[in-house]
Amino acid sequence: MTKNKPNSNMIILAVIIPLFLAIAGVVILAVFSNNVQNQTATTDDSVAPLADSEGIAEYNPPRDVQDFTMPASTGEEVSLSDFRGKYVMIAFGYTRCPDVCPINMADFKQVKRFLGQNADEVVFLFVSVDGERDTPELLQSFMARYDPEFIGLSGTDALLADARSDFGLYYARIENPSAPQDYLVDHTASRFLIDKDGKLTRFYSFTTTPRAMARDIIGLLSQ
């Protein structure tokens, strides 16, 4: 009796399919990493000091930044100078952001939790680089997903002009020809900390953990 020989095609598929999936995974990871890398880019490498192993960079001395005023999720116009006497955490982005912004806002929520009784000393701002679509009403809804006390600001190119140089802010629209209003925005993913005097004192990379940010802020508050 002759035994059935294994199907050579099946053996080839058994080898090729896992190999294909592995290659696809590497490609997807590379694309995501490149996207995050692009979003953390700045227009001037000299704007931010060197970061430590946790992605925390100190501006020493703290850097002067120009005040800005924008329509806010509170229904009023809000200025950065409104928060003198408190620390201000800032992230730039937009409400339709598929990846970076939800992570940043979730991180802010964690930072606030880790701050504990010190949380009242810190204001959390989300500055939209897509003011054309991000109305104050939409920002209010977006903030409510994370913390109703977080404040969203609706920035336009004119209102964000000073922030481009002060924070090394980068953002650029990625057009969608088939759906003009469904565009994406590539943008800086890093987080920034303004001190009680309204000066830029810290740069936190996208990879800096909420616990590390909270620990750093508590250290500043204890000084």
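Laboratory data are not the source of any read-out in this text; all were calculated from the coordinates shown. This structure is a prediction, so every number in the text was calculated from the model and none was measured. Backbone-built Cβ (ideal geometry, glycine too); neighbour counts: all protein chains shown.
Were the residues from residue 84 through residue 64 laid out at 0.36 nm apart, the gain over their Cα-Cα distance would be 5.9 nm. Of all aspartates and glutamates in the structure, the ones whose alpha carbon falls short of 12 Å from that of residue 86, not counting any fewer than 8 places away in one chain, are 120, 121, 195, 197.
Reported to the nearest whole Å, the Cα centre-to-centre distance from the stretch 147-183 to the stretch 51-124 is 15. With the gyration tensor restricted to C-alpha atoms of the stretch 78-199, the semi-axes of the equivalent ellipsoid amount to 25, 16, 12 Å, longest first.
Label-to-label distance for residue 96 and residue 165 is 3.1 nm, based on points extended 7 Å past Cα in the beta-carbon direction. Computed from the C-alpha gyration tensor, the three semi-axes of the ellipsoid equivalent to the stretch 160-223 are 32, 15, 8 Å, from longest to shortest. Here the 3J(HN,Hα) profile of the stretch 190-201, calculated from phi with Karplus coefficients 6.51, -1.76 and 1.60 at θ = phi - 60°, is 5, 10, 10, 10, 9, 7, 5, 9, x, 10, 6, 10 Hz, Gly and Pro shown as x. Were the residues from residue 109 through residue 149 laid out at 0.36 nm apart, the gain over their Cα-Cα distance would be 13.4 nm.
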